[in-house]
Amino acid sequence: MPKGGFVYIVSNKSRTVLYIGSSSSIWNRMFKHKKGTYVGFARKYGCVDLLYYEEFVNIADAVKRERQMKEWKRAWKWELIHKMNPDLKDLAADWFDEDGQLKDDYFL
């Protein structure tokens, strides 16, 4: 059975930088983003707020979508984000407790 996956967009607090990624576990990946342990571009620019995500049955499809979205114009990315999240809230804001641990009800 194929492993599922997600494509996601995170941003910094001022919403000036977008990072697109894919993962088989959106929860674990967001934990890394928020803790600053996900090295590279996202950490360098403080991309810790989840603005958008899509779920796929197959991780390969999520990776394909990630590559597609990375080629898009910035305006197209913002249009997609605004359709799901018009207030630009951090969709993962309530996934973690005060100690930064994933809440049990979000662990799937």
*Out of segment 35-82, which residues are over 16 Å from residue 16 (Cα atoms), of a type in the set (Phe, Trp, Tyr) and either in contact with a Cys (Cβ under 6 Å, 6 or more places away or on another chain) or at pLDDT 95 or above (or both)?*
53, 56, 72
*Can you name the residue in segment 15-44 that is closer than 20 Å to residue 84 by Cβ and out of contact with any helix residue (DSSP H, G or I) (no Cβ under 7 Å at 6 or more places or on another chain) and is also surrounded by the most Cβ atoms within 10 Å (Cβ to Cβ) among such residues?*
30
*From the list 27, 72, pick out the single residue that is assigned to a helix (DSSP H, G or I) and either aromatic (Phe, Trp, Tyr) or out of contact with any strand residue (DSSP E or B) (no Cβ under 9 Å at 6 or more places or on another chain) (or both).*
27
*Among the residues of segment 29-77, which ones are free of Cβ contacts under 8 Å to residues at least 24 places away in the same chain and either closer than 13 Å to residue 92 by Cα or hydrophobic (A, V, I, L, M, F, W, C) (or both)?*
29, 32, 33, 39, 41, 72, 75, 76
*In segment 85-108, how many are at pLDDT 75 or above, aromatic (Phe, Trp, Tyr) and either assigned to a loop (DSSP other than H, G, I, E, B) or at positive phi (or both)?*
1
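Can you confirm whether segment 45-59 contains a residue that is surrounded by fewer than 16 Cβ atoms within 10 Å (Cβ to Cβ) and assigned to a helix (DSSP H, G or I)?
Taking every residue of segment 45-59 in turn, none turns out to be surrounded by fewer than 16 Cβ atoms within 10 Å (Cβ to Cβ) and assigned to a helix (DSSP H, G or I).
The values are calculated or read from the model by the stated rules, or taken from the named source; none is laboratory data. Note that the structure is a prediction, hence the values are computed from the model and not measured. Every residue, glycine as well, gets a Cβ built from its backbone with ideal geometry; the counts of neighbours run over all protein chains shown.
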